[in-house]
Amino acid sequence: NHLRHVESMAHLPSGAGRITRLNALILGEALASEEDDLVFPSEDFSRHSHVSSPHKYLEMYRRSVQDPAGFWSDIASEFYWREKWSQQVYSENFDIRKGKIKIEWFKGGMTNICYNCLDRNIESGNGDKIAIYWEGNEPGLDTSLTYNQLLARVCQLANYLKDVGVRKGDAVVIYLPMLMELPIAMLACARIGAVHSVVFAGFSAESLAQRIIDCRPKVVITCNAVRRGSKIIYLKDIVDSALLESAENGIVIDVCLTWENDSAMKKEMTKWMKGRDIWWQDVILKYPVTCDVEWVDAEGPLFLLYTSGSTGKPKGVMHTTGGYMVYTASTFKYAFDYKSTDIYWCTADCGWITGHSYVTYGPLLNGATVVVFEGAPSYPDVGRCWDIVDKYKVSIFYTAPTLVRSLMREGDEHVSRYSRKSLRVLGSVGEPINPSAWRWFFNVVGDARCPISDTWWQTETGGFMITPLPGAWPQKPGSATFPFFGVQPVIVDEKGVEIEGECSGYLCVKGSWPGAFRTLYGDHRRYETTYFSAFPGYYFSGDGCSRDKDGYYWLTGRVDDVINVSGHRIGTAEVESALVSHPQCAEAAVVGVEHEVKGQGIYAFVTLVEGVPYSDDLRKSLVMAVRNQIGAFAAPDKIHWAPGLPKTRSGKIMRRILRKIASRQLDELGDTSTLADPTVVDQLIALADC
Ligand code: 6R9
């Protein structure tokens, strides 16, 4: 069955025929697609890459799905395990019809991911290698840590956390910008078996409080303020109000460890709650630079990361230790063709999954040198990224399409005045990359020399699922190409029936992979209903997808009520609930619209409380309500005043019509006769630009 799937993956004749076909592609011979669509790696690149041909990929892929136990055990054996895993390697129930959904990998094994990131690499002689280059917001403000130094700093914090009572299994909330202290804090938690929950430092006090209330941490770690571009953000104030709100809800935090980020704000200026608030710099240096490792079960929790869904409150995605470790390490190695001489920079923030798997764990597990950048990519000017690339000789650069598009608008001269000759591999994540942005990234940034790994994956998947392996096969701009080892994507129709060959539908995954999330914190039912019930027998990703005649996968965006703004997942329900919390807003309906730079923008229809007039001030305060409840990144781009919303006779809002109005596709409104009051549509159109 697995084998059949491998064959159908590329929708090419089975067995040798298929391999020959892919080889033919590499050689530029007869092609099914327009030759223009294919971008080939150079022969030299392929020759030196980990996976140098479709043939080699197929061999490895085949083994990974026919013998997952053997395939993943071999990779897992490269890491240190205090106790080896049991014979079985993995067990899963992926089918809701057969009972509870359950995924386990390397059960019985005991390990520690911090040990594998740091101590193991130091023992193999890399103690003096740079682990982190840190580049501050202001050019010229920088520092670095070797693996030895990083370990020492992690141990000091780990010792402190133990001292204030953090034990294996306890949660720690981290609300920090991209300081080195952020990965340090994550690793310190992992070292002592504590479960970190990083909250992106762009989230508002309310969102932070919501997460604190949900996971009840022993300690909250933050800093007083941060500079981003020319702005200063006072994080400690936000934490203060979040802690106030959580205390009102019965969750009292005893320790708020605060880094003094003195380039942004001095200690003396920071509001302080004696007893609860502790300056990091005051206490940590007193602790020893070594700290025993807490060995944890492979299935022991590593972290929680909250993410938006189509309904209700954010979901606490739970990842465990062993499988996540093996999966992030191997995906990093293969998808970026990582070599020990590479300098790697990922522009993502550790507040998102990309920063967990591919700023912190994946690269450090491989002993890589990672650039961590505090600032904004357009500060002090739009050449900053390439300045950083040249400064550190970055060879692998991983970013989001939204950044590519925003820099593309500024013109090529801001790129071409930098050398960039250190670049070898480029990467893209967060949303589909449109072919024109892909080509610009490839031709202008990478001088037509560097393959682009367009990696499709999710908070839930832990690591890459569909991704190019640079050097292995030709790319098509805008396609994430083929599945990673062990991943069996399937495309299903509305009825959940698997469709073969060239098709489009809903993207699901058959069978587990080591990096899969194991549950939603405190709500296993929601885990099962959200991801495993729509199409029984499969994991449902929430994404639409098509597969072309050559078997390449093309992601087409979310099919649920999740909007992807600059690669950030935002639930329409969350924005709606923030809007209706405004005393003058009666009802809200939020849809995504195409946005030139952000991918999608947020478009909100609002009806007001009877008698309230619409005004520009009211519009501003509605936007403010969303900023305050979620964060600035979720602020609607457009508020559309709606005296009434198009509803069916049973009262359901017809979002299909709202989407068309929002994107001004007025001749595609479709049938509006089933609406309770069809005249609201004309009213809405008339008010579109007011
Ligand atoms: C890693 C990350 C997941 C959603 C996912 C999809 C979109 C991510 C993509 C992509 C097309 C890619 N997405 N990478 N779509 N091509 N290369 O972004 O995780 O924040 O959980 O978002 O992002 O829609 O479902 P997360």
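Among the residues of the stretch 545-558, what is the count of those that are near the ligand (Cβ under 9 Å from one of its atoms) and either in a loop (DSSP other than H, G, I, E, B) or not hydrophobic (A, V, I, L, M, F, W, C) (or both)?
Here the count works out to 3.
Tell me which residues, restricted to the stretch 298-315, are of a type in the set (Phe, Trp, Tyr) and open to solvent by less than 10 Å² (accessible area, probe 1.4 Å).
Selection gives PHE303 alone.
In this structure, is PHE484 over 30 Å from ASP390 (Cα atoms), within 15 Å of the ligand (Cβ to nearest atom), open to solvent by less than 10 Å² (accessible area, probe 1.4 Å) and out of contact with any strand residue (DSSP E or B) (no Cβ under 6 Å at 6 or more places or on another chain)?
So PHE484 passes the test.
Taking the conditions exactly as written (open to solvent by 10 Å² or more (accessible area, probe 1.4 Å), more than 14 Å from the ligand (Cβ to nearest atom), in a helix (DSSP H, G or I) and of a type outside the set (Gly, Ala, Ser)), does TYR334 satisfy them or not?
Taking the combined requirement at face value, the residue satisfies it.
Being open to solvent by less than 10 Å² (accessible area, probe 1.4 Å), within 13 Å of the ligand (Cβ to nearest atom) and outside any helix (DSSP H, G or I) narrows it down to one residue among GLY375, GLY355, GLY367, GLY351; which is it?
The match here is GLY351.
Being under 29 Å from PRO474 (Cβ atoms) and of a type in the set (Gly, Ala, Ser) is true for just one of GLY571, GLY551, GLY592. Which residue is that?
GLY551
So for the stretch 363-383 (the condition being under 14 Å from VAL425 (Cα atoms) and of a type outside the set (A, V, I, L, M, F, W, C)), does at least one residue qualify? Working first, answer last.
First pass over the stretch 363-383, keeping only residues under 14 Å from VAL425 (Cα atoms): none.
No.
Taking LYS510, is it under 17 Å from MET465 (Cα atoms), basic (Lys, Arg) and open to solvent by 20 Å² or more (accessible area, probe 1.4 Å)?
Yes, satisfied.
Please work out which one of (1) more than 13 Å from the ligand (Cβ to nearest atom); (2) crowded, with 23+ Cβ neighbours inside 10 Å; (3) among the small types (Gly, Ala, Ser) is the condition GLY427 fails and give its number.
Unmet for GLY427, out of (1) more than 13 Å from the ligand (Cβ to nearest atom); (2) crowded, with 23+ Cβ neighbours inside 10 Å; (3) among the small types (Gly, Ala, Ser): (1).
For the stretch 447-461, enumerate the residues that are crowded, with 19+ Cβ neighbours inside 10 Å, of a type outside the set (Val, Ile, Thr) and either near the ligand (Cβ under 6 Å from one of its atoms) or farther than 15 Å from GLY355 by Cα (or both).
CYS450, PRO451, SER453, ASP454, TRP456, TRP457
Do you know which residues across the stretch 546-558 are touching a strand residue (DSSP E or B) at 6+ places or on another chain (Cβ under 8 Å) and either more than 21 Å from GLY601 (Cα to Cα) or modelled with pLDDT under 90 (or both)?
Across the stretch 546-558, the qualifying residues are SER546, ARG547, ASP548, TYR552, TYR553, TRP554.
Only one residue in GLY611, GLY599 is at positive phi and within 16 Å of the ligand (Cβ to nearest atom). Which one?
GLY599
Here is a list: SER49, SER64. Which entry is within 18 Å of SER330 (Cα to Cα), surrounded by 14 or more Cβ atoms within 10 Å (Cβ to Cβ), touching a residue at least 40 places away in the same chain (Cβ under 8 Å) and out of contact with any helix residue (DSSP H, G or I) (no Cβ under 7 Å at 6 or more places or on another chain)? Even if it seems obvious, please write down each step before you answer.
Values: SER64 fails: out of contact with any helix residue (DSSP H, G or I) (no Cβ under 7 Å at 6 or more places or on another chain).
None of the others qualify; the one that does is SER49.
Grab the helices (runs of 4 or more DSSP H) fully contained in the stretch 180-288, keeping just those with 1 or more residues being open to solvent by less than 50 Å² (accessible area, probe 1.4 Å) and of a type in the set (S, T, N, Q).
Once the helices (runs of 4 or more DSSP H) in the stretch 180-288 are filtered for at least 1 residues that are open to solvent by less than 50 Å² (accessible area, probe 1.4 Å) and of a type in the set (S, T, N, Q), what remains is 205-215, 235-248.
If I filter the stretch 468-475 for residues that are modelled with pLDDT of 95 or more and within 12 Å of the ligand (Cβ to nearest atom), do I get at least one hit?
yes
Among the residues of the stretch 515-540, write down those that are part of a helix (DSSP H, G or I) and within 26 Å of VAL89 (Cα to Cα).
Result: HIS524, ARG525, TYR527, GLU528, TYR531, PHE532.
Take the residues in the stretch 430-446 that are open to solvent by 20 Å² or more (accessible area, probe 1.4 Å) and within 12 Å of the ligand (Cβ to nearest atom), then tell me which one is nearest to ARG518 (Cα to Cα).
The qualifying residue nearest to ARG518 (Cα to Cα) is GLY430.
Which residues, counting only those in the stretch 384-415, are open to solvent by 20 Å² or more (accessible area, probe 1.4 Å), assigned to a loop (DSSP other than H, G, I, E, B) and under 22 Å from ASP142 (Cα atoms)?
Hit for the stretch 384-415 is LYS393, nothing else.
Do you know which residues across the stretch 316-330 are within 16 Å of the ligand (Cβ to nearest atom) and open to solvent by less than 10 Å² (accessible area, probe 1.4 Å)?
Across the stretch 316-330, the qualifying residues are GLY316, VAL317, HIS319, TYR324, TYR327, THR328.
The values are calculated or read from the model by the stated rules, or taken from the named source; none is laboratory data. The model shown is predicted, which means the values in this text are computed figures rather than measured ones. Glycine gets a Cβ as well: all are built from the backbone with ideal geometry, and neighbour counts include every protein chain shown. Side chains included, ligands, DNA and RNA excluded: accessible areas come from the protein's heavy atoms. Shrake-Rupley method; radii C 1.70, N 1.55, O 1.52, S 1.80 Å.
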